[in-house]
1. At what distance in angstrom do the alpha carbon centres of the stretch C:107-152 and the stretch D:247-263 lie from each other?
2. If packing is taken as the average number of other Cβ atoms within 10 Å across a peptide's residues, how do B:73-80, B:92-99 rank, most packed first?
3. Given the DSSP H assignment, sum -39500 (n - 2.57) over each helix run of at least 4 residues in the protein assembly as shown and divide by its residue total; what's the result at 222 nm in deg cm²/dmol, nearest 500?
4. Within a 10 angstrom radius of each residue's Cβ in B:127-134, how many Cβ atoms of other chains show up on average? Whole number is fine.
5. When the C-alpha atoms of the stretch B:146-221 are aligned to their principal axes, what extent does each axis show, in angstrom, from largest down?
6. Using all Cα-Cα distances in chain B, what percent lands in each 5 angstrom bin from 0 up to the longest?
7. Please give the peptides F:198-204, A:218-224 ranked by average Cβ packing (other Cβ atoms within 10 Å per residue), highest first, as a rough proxy for protection.
8. Run the dipole for the protein assembly as shown about the Cα centre, Lys and Arg Cβ at +1, Asp and Glu Cβ at -1, nothing else charged, and hand back the magnitude in debye, nearest 20.
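Derivation of every value follows stated rules applied to the coordinates shown; laboratory data play no part. Every value quoted in this text rests on a predicted model; they were computed, and no experiment measured them. Neighbour counts run over all protein chains shown; Cβ positions are idealised from the backbone, glycine included.
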6 protein chains.
Amino acid sequence: DFMHALENDIKPAFGVSKDEFDSYISNGIIVWGQPVTDVLEEGQLRIRQTVKSEMTPLVSILIEGPPNSGKTALAAHIALLSKFPYLKFCTAQTMLGFSELAKCQQLKKIFEDAHKSTLSCVVVDELESLLEYAPVGPRYSNNVLQTLKLLLKRPPPKGRKLLIIATATHRDILEQLGLLPSFSKVVHLSNMSSGKHILHVLNEIEHCFNDNEMRILEKKLHDKKVWIGIKSLLDQIEVARQADENSRVLRFLTQLEEIAGMT
Amino acid sequence: DFMHALENDIKPAFGVSKDEFDSYISNGIIVWGQPVTDVLEEGQLRIRQTVKSEMTPLVSILIEGPPNSGKTALAAHIALLSKFPYLKFCTAQTMLGFSELAKCQQLKKIFEDAHKSTLSCVVVDELESLLEYAPVGPRYSNNVLQTLKLLLKRPPPKGRKLLIIATATHRDILEQLGLLPSFSKVVHLSNMSSGKHILHVLNEIEHCFNDNEMRILEKKLHDKKVWIGIKSLLDQIEVARQADENSRVLRFLTQLEEIAGMT
Amino acid sequence: DFMHALENDIKPAFGVSKDEFDSYISNGIIVWGQPVTDVLEEGQLRIRQTVKSEMTPLVSILIEGPPNSGKTALAAHIALLSKFPYLKFCTAQTMLGFSELAKCQQLKKIFEDAHKSTLSCVVVDELESLLEYAPVGPRYSNNVLQTLKLLLKRPPPKGRKLLIIATATHRDILEQLGLLPSFSKVVHLSNMSSGKHILHVLNEIEHCFNDNEMRILEKKLHDKKVWIGIKSLLDQIEVARQADENSRVLRFLTQLEEIAGMT
Amino acid sequence: DFMHALENDIKPAFGVSKDEFDSYISNGIIVWGQPVTDVLEEGQLRIRQTVKSEMTPLVSILIEGPPNSGKTALAAHIALLSKFPYLKFCTAQTMLGFSELAKCQQLKKIFEDAHKSTLSCVVVDELESLLEYAPVGPRYSNNVLQTLKLLLKRPPPKGRKLLIIATATHRDILEQLGLLPSFSKVVHLSNMSSGKHILHVLNEIEHCFNDNEMRILEKKLHDKKVWIGIKSLLDQIEVARQADENSRVLRFLTQLEEIAGMT
Amino acid sequence: DFMHALENDIKPAFGVSKDEFDSYISNGIIVWGQPVTDVLEEGQLRIRQTVKSEMTPLVSILIEGPPNSGKTALAAHIALLSKFPYLKFCTAQTMLGFSELAKCQQLKKIFEDAHKSTLSCVVVDELESLLEYAPVGPRYSNNVLQTLKLLLKRPPPKGRKLLIIATATHRDILEQLGLLPSFSKVVHLSNMSSGKHILHVLNEIEHCFNDNEMRILEKKLHDKKVWIGIKSLLDQIEVARQADENSRVLRFLTQLEEIAGMT
Amino acid sequence: DFMHALENDIKPAFGVSKDEFDSYISNGIIVWGQPVTDVLEEGQLRIRQTVKSEMTPLVSILIEGPPNSGKTALAAHIALLSKFPYLKFCTAQTMLGFSELAKCQQLKKIFEDAHKSTLSCVVVDELESLLEYAPVGPRYSNNVLQTLKLLLKRPPPKGRKLLIIATATHRDILEQLGLLPSFSKVVHLSNMSSGKHILHVLNEIEHCFNDNEMRILEKKLHDKKVWIGIKSLLDQIEVARQADENSRVLRFLTQLEEIAGMT
Ligand SMILES: Nc1ncnc2c1ncn2[C@@H]1O[C@H](COP(=O)(O)OP(=O)(O)OP(=O)(O)O)[C@@H](O)[C@H]1O
Ligand SMILES: Nc1ncnc2c1ncn2[C@@H]1O[C@H](COP(=O)(O)OP(=O)(O)OP(=O)(O)O)[C@@H](O)[C@H]1O
Ligand SMILES: Nc1ncnc2c1ncn2[C@@H]1O[C@H](COP(=O)(O)OP(=O)(O)OP(=O)(O)O)[C@@H](O)[C@H]1O
Ligand SMILES: Nc1ncnc2c1ncn2[C@@H]1O[C@H](COP(=O)(O)OP(=O)(O)OP(=O)(O)O)[C@@H](O)[C@H]1O
Ligand SMILES: Nc1ncnc2c1ncn2[C@@H]1O[C@H](COP(=O)(O)OP(=O)(O)OP(=O)(O)O)[C@@H](O)[C@H]1O
Ligand SMILES: Nc1ncnc2c1ncn2[C@@H]1O[C@H](COP(=O)(O)OP(=O)(O)OP(=O)(O)O)[C@@H](O)[C@H]1O
Ligand SMILES: [Mg+2]
Ligand SMILES: [Mg+2]
Ligand SMILES: [Mg+2]
Ligand SMILES: [Mg+2]
Ligand SMILES: [Mg+2]
Ligand SMILES: [Mg+2]
């Protein structure tokens, strides 16, 4: 009937929000090493499970990793890979200034909309921010926590499927809050840990270092241990670019020592 | 008189909500071992006690067990077994976004309705969620707690009987909150602890592994110790189904090692 | 004058609420041992003191004991024994969903009404529930606490007398909250501690065990130590009644071992 | 002018509230020993100081002592001794159900009224109750605390004098709350500590024990150490009165052993 | 223009509030020793700095010392010495019953007014009371704290000067609250510590002791150590005055032993 | 279109608020040593990065250092150096009396305005004050904290650039609150640590000491260790100026010993 049609009239969300999803991958996805491959494979497996499963209409994964490791970009990327008709990116940034209650209602609305599409994928970015978590106290919104706990376990109506991809920085916090058991799978995204990872990135970025410089960097970096997120690395590259040609290789290496703990 | 008729006019609730109860048992009840039998027997004994008792018109049991052990499905199953004219499933999922007060009022309403039927059974699912319990702090709704405490001990009016079946994951939390003494009986639901339990399930699920595969699995699993809930096992089976025929037995066993601590 | 008449027009409360008081003694009072006798004697002494005293127009006692020990039934029983023209039973059950303030006002109203009768008796059941006490935190309503403290020490107007009978489960909590000094006397109600207490009860309850069974039970129970409240015992008896004749004695004894710590 | 007259039109408060003050001394003042004499002398000295002082128009004393020691009666008694034209008794009992703010306003009003009379005396009974102090937490009304602190140090307008007499049970609590320095003098009221104190009281109360009984009691009590408040003692005497003539001396002594720690 | 004139139209505040300032020095300023001289000198130096400084248009000092040491009187005295056209005395006494917000607004208003005069002096008396500080908890108004922190560091508009004189009893509390760095200078006001300080005061107060008595007191006091605030000493003198001539020297000395720890 | 024009119509903010920025540098910037040079260089590098970067449209730095070290003046100075068309100074002083929510909205507004300009620079002064941080408790506004966290990481729309310069006194507090990872770079501003730094300042300030005095000071100070902020030093110089010519050098040195820990 009409009311039903109205309520279930989901516009092809994909076309609408693809731009938004792209904005979270502003510098593309560089497959710099195994950790990236692992997360991508897990994502693809879960997409398939969501589509074909008979017994599990609700699949939820959590991508957790250090700041700047690329969690948000990868979550958005996997969501785009699914090509599900309903895609939604859910972030605290768009709820700035909302009351706790308004946030909960917004979250509820997003999931209720998702339940109206046959195949849906919802990204829930930065759980700690949604929870308004602050380590001093600690403080957080129990309202949002309870809402998330329930939504993460609420199965879609018969015949519909839902894939949830969440991201978080502090696995221990979610553990303490009892959020982990709400996920089908928790995937760890590591920082880059070897000079080879960095070289991989440098090779893929244009207008960065010239061939000569790259040779020096390869020699210096290929056997080093480092600890740096992809977003920080891109930042360091950007800073190096501003330096004059004579000193920029040295500056870049010094920065890696300071920030990525390279020795 | 009319007002009285109106207030006590309970529609045959069974017919109405049977569908809802069924939805909590979406994959049926597989009697995979003694723990399931025990809970079912206790349930049936309590149904009889409620019907026949002279001195105890109020009977309440709590089914507690680890996440995914099948608590909700078993509680719903026992409620359906009672065939009482008033059946009600009470869960935080339907109270999302309610204020504490609204929740309390809803709970009160459900029990007051139950008191109007000669024989009633109320399932109270996931006490921790109803209590909005969060382990960091910890935080919980004292309003809901006090309401539950009182409702769990409020005897139905003369000549009426009430059976309450509650579920919970964290027995220790309820103990600390002083909720345990409110129950006539606390029943523990264990996870599957032996490979035989798993084999039992595999044998009952269709289109899962072929005969050859089953033989391998029987050899590998029959003498193993595991620790996994029925809901997780169904999830693992679903994932294995997506894998290609060559690797799916191996994959399934690997997953059991990772998730069910099988060695 | 008229207003005065209206305000002081206390309807013979006894007749009205006797039914309510009876409902708290649904299974009668079985004098199973010395602890019951002691509480009853203390109650009668206090009734006499309230009636005859010149210097102490306000008398208040607290009956405290473990869950299910029969506190509420005994408090109601003593109140009925007093035959005072104003009798009131005050319990959190009738204030479910009240705000803290509404509770305080209700309590105030009850005591103000009591002050209007020459001889009044107010039962205040389950102090912990009225205080909304929860051990995690701990939390409680300081508003209710302050109100109770004041009401428990507020003397009735000249020429009137008031007897207060309160019940509580956790003496230590009331001690910590500073409520104990508000009472003229604190009386402890013990659980049944000996098999003889249980036999006493069995002998007084009809249609329970036949003569043969009783003989076995007497032999098994007469020299045992136990720890069980009268309400729990009645529950166990009820369960045993449902079992078939062959096993019910054994079952009853097994239950006593489990629940009453009998060895 | 008129408004001024209205605002300063203090009705002779003495006549009006003398009855109220008397009600707090329902069983008179028995000077049972040195502790009573000391408090009374301090009171009289302070009355004189208030009247004659040039440099200290505000005098405030705190009478603190154990529950039932007679603090309230003595404070009321001293206030009556002053014969000041403005007398006010300030107690939490008359503010039951007031919000914190309403309490503060009431307190402010009482002191502002007191400031309008040339000579005023305000009794502030049971500071802990006014502060809504509860030891678990602990909790108290900081609003009332701040209000009391300011009012206890607010000097009356030029040419007017104010005597404040407060009572409290827990000196340590007031110390922790920083209220003690607000008083000119803190006076301790002790419990009765010797059998002679008790005999003194027994000798002053009529229709209690006959001459024979008194001789026995004198022999038993004259050299004993005890610890009991006057209000409790009056309670024990009242209970003894209800007992039959044969046993009442023994019963009274037994009670003293139990309650007053007499050995 | 007109609006500007209106907003900046500060009435000669000095004339208006001089009476109020005088009321805080009801018993004058007796320069009983070095501590008083030190505070007065610091005050005068800061007045000069405020008037002449080019780089520091905002000068703020905190006078801190034990209860009754004379902080308020000295702060008021220094403010009067400045003869600045805008003088304001800011105390919690005039904000009794204000909400936190109203207090903050009042404080803001006072400072904004001060900023409109070329030379202003604001006394902020008893910081702890303004902050509603209570040591149990502890509790305080963070709103007032943040407001004070900002106001104490807010420079007046170009060409205007502001001197702030605050008083406080508990230096450690202000330290913990992070208020100390907000002051240009923290000055300690000590209690009287030697018998000579007391003799100095006795010599300046009329109608106190006669010559004979003074000779005895000088002999007794001149080499003693004491610890007493000027306000308490004035109180003791007043009490001694009420005693009869024979005993008043002895009484005064006994009181000093009790209260001022004299030995 | 028109609405767009309206919303994006940023008036040349530079001209408008340059005066405000100047007011935070009321005594100019004296480059007294390496710490100042370092902060200035970092600032200039970041300005360039903001202008030229392709991958990092959002650059944020935090200047942290002890009270009075000159943080605010340096942050304002760097912002002016950028010559960006949109400049905004964001401080708790202009939000005094705002509710938490109003503060958050104000912050959001400032950043949304900044996002409308191609090149923007926002100074966020005194993070602790904005956060209403108080060390006792501790207390702070989690609303402001969450808002700042999100705003510090919210990238400007495509094609626009934003430089954020924040200041703070307590690095450890921000670390505990999890704010540090929100910054591209944290720069430490040290106090003056050597007598040479002080001499540098003295040489740049006019009408301070004469040549003779300077020679003495140079001898006394050139090899000393000190610990003092530039703002405090200017204060000390101002005080010394008020002293008479004979003693002012000595007084200044004494003050340095007291306040700057010089030995
Ligand atoms: N393999 C990759 N994985 C993720 N991001 C990548 C990858 N390669 C390049 N990028 C780029 O790196 C950036 C990753 O930033 P992103 O915001 O996803 O990090 P994050 O871990 O979510 O950071 P934060 O901890 O602040 O939330 C994006 O600009 C993205 O385009
Ligand atoms: N013996 C069984 N007991 C319970 N559930 C079973 C059993 N056999 C099969 N199932 C199926 O397993 C699933 C159990 O899920 P259920 O939601 O009851 O678990 P749960 O313990 O309540 O999980 P949670 O901890 O998330 O609340 C249901 O789909 C049910 O149909
Ligand atoms: N001697 C007795 N004392 C009290 N109750 C008795 C006694 N004999 C029989 N009973 C019956 O036992 C039951 C006592 O239950 P009651 O509610 O008073 O226990 P309770 O201690 O108040 O329990 P709770 O701890 O739940 O408040 C009543 O049904 C009462 O009729
Ligand atoms: N010397 C006495 N001092 C005080 N009260 C006395 C004395 N002699 C007799 N009384 C009587 O004793 C009773 C004292 O009770 P009162 O309420 O003053 O005690 P209290 O210490 O204030 O008790 P609470 O701790 O409950 O506040 C009054 O009835 C009073 O008339
Ligand atoms: N040298 C002095 N310094 C301060 N007060 C003095 C001095 N000499 C005399 N006085 C008198 O002593 C009294 C000091 O009281 P004041 O209220 O200032 O003390 P205070 O330290 O502020 O007390 P509180 O701790 O209660 O705030 C005033 O009456 C004042 O006139
Ligand atoms: N090199 C310098 N750096 C900073 N300020 C300087 C410098 N040289 C002179 N100044 C002057 O010193 C003062 C520095 O005060 P500013 O308010 O910036 O200190 P702050 O560290 O922000 O203090 P607060 O800890 O109170 O916030 C300003 O008046 C400024 O003009
Ligand atoms: Mg992210
Ligand atoms: Mg469940
Ligand atoms: Mg009870
Ligand atoms: Mg009292
Ligand atoms: Mg003062
Ligand atoms: Mg600053």
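1. So the two Cα centres are separated by 31 Å.
2. So the order, starting with the most tightly packed, is B:73-80, B:92-99.
3. Value at 222 nm, helices only: -15000 deg cm²/dmol.
4. Values: counts 0, 3, 4, 1, 2, 5, 4, 11.
For peptide B:127-134, the averaged partner shielding equals 4.
5. Principal extents (largest minus smallest coordinate, Cα): 60, 32, 16 Å.
6. 1, 5, 12, 15, 16, 14, 11, 9, 7, 5, 3, 1, 0, 0, 0
7. Result, highest mean first: F:198-204, A:218-224.
8. Once rounded to the nearest 20, the dipole reads 200 debye.
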